[in-house]
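Comments concern the structure below.
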Amino acid sequence: MRDSAEAEYKRYVTARSHALWHTAFLMCGDAHQAEDVVQTALLKLYVAWHRVERAENRDAYVRRVLVRCVIDEKRRGWRRERVVATVPESAADDGPDIGERDAALRALALLAPRQRATLVLRFWEDLSVEQTAELLGCSPGTVRSQTARGLATLRGILLDQQATASGRVEKER
């Protein structure tokens, strides 16, 4: 890679890696897996940077690579988790609405990968139906139906979680 191209790649990665991680995290639901997916995507981008530089919309190109890496990771059917004898203790983060955030992330993780990718691209990345369809390689109608189904499923999961939590509170009294 030319020095100028490598410098441009480094600038781009420095500026966008945090946003890419957030998108990957919302799509796969696991911070460590999101890091792995982003690293895989960045490696692929490095190899193909000459094509990325010529792309009309660099961010769209990079997002497409990231989405495909997330979907490929989900298709593998195995995890890179290690089994340990004891689970380490960890404290919850302080901050507002952590319970709601956690419930939303758990619910998002239960969606099918295509629905999850559609919702993340539409509502987290704030892409249009057409942009999302182009990234996912499907029609705008498919994006609209995946969005509607994903939102309906997400609402159902959240309502079930809320009902379960309410039931636990009643039993404890």
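Of all residues in the stretch 119-169, which are hydroxyl-bearing (Ser, Thr, Tyr), in a helix (DSSP H, G or I) and open to solvent by 30 Å² or more (accessible area, probe 1.4 Å)? If you could, list the steps in order and put the result at the bottom.
Step one: list which residues in the stretch 119-169 are hydroxyl-bearing (Ser, Thr, Tyr), which gives 128, 132, 139, 142, 145, 147, 153, 164, 166.
Now narrow it down to the ones that are in a helix (DSSP H, G or I): 132, 142, 145, 147, 153, 164, 166.
THR142, SER145, THR153, THR164, SER166 - these are the residues of the stretch 119-169 that are hydroxyl-bearing (Ser, Thr, Tyr), in a helix (DSSP H, G or I) and open to solvent by 30 Å² or more (accessible area, probe 1.4 Å).
Given the criteria at pLDDT below 90, in a helix (DSSP H, G or I) and surrounded by 15 or more Cβ atoms within 10 Å (Cβ to Cβ), does ALA103 qualify? Show your work before the answer.
Numbers: at pLDDT below 90: yes; in a helix (DSSP H, G or I): yes; surrounded by 15 or more Cβ atoms within 10 Å (Cβ to Cβ): yes.
Criteria met by ALA103.
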Cross-chain or 6+ apart pairs with Cβ under 6 Å, the stretch 42-63 first and under 14 Å from GLU8 (Cβ atoms) and outside any helix (DSSP H, G or I), then of a type in the set (Ser, Thr, Tyr) and open to solvent by less than 80 Å² (accessible area, probe 1.4 Å): ALA55/TYR61
List every residue pair whose Cβ atoms sit under 8 Å apart, with the two residues 6 or more apart in sequence or on different chains, where the first one lies in the stretch 1-14 and is closer than 18 Å to LEU66 by Cβ and the second, anywhere, is surrounded by 14 or more Cβ atoms within 10 Å (Cβ to Cβ) and of a type in the set (Phe, Trp, Tyr). TYR9/TYR46; TYR9/TRP49
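Being among the polar types (S, T, N, Q), farther than 23 Å from GLU100 by Cβ and touching a residue at least 24 places away in the same chain (Cβ under 8 Å) is the filter here, so list the residues in the stretch 135-166 that pass it.
Here is the first cut: in the stretch 135-166, the ones among the polar types (S, T, N, Q) are 139, 142, 145-147, 153, 161-162, 164, 166.
Still in the list and also farther than 23 Å from GLU100 by Cβ: 139, 142, 145-146.
Selection gives GLN146 alone.
The values are calculated or read from the model by the stated rules, or taken from the named source; none is laboratory data. Treat the numbers as computed from the prediction; the structure is a model and nothing was measured. All Cβ positions, even for glycine, are placed from backbone atoms using ideal geometry, and neighbour counts span all protein chains on display. With ligands, DNA and RNA removed, areas are computed over all heavy atoms of the protein, side chains included. Shrake-Rupley method; radii C 1.70, N 1.55, O 1.52, S 1.80 Å.
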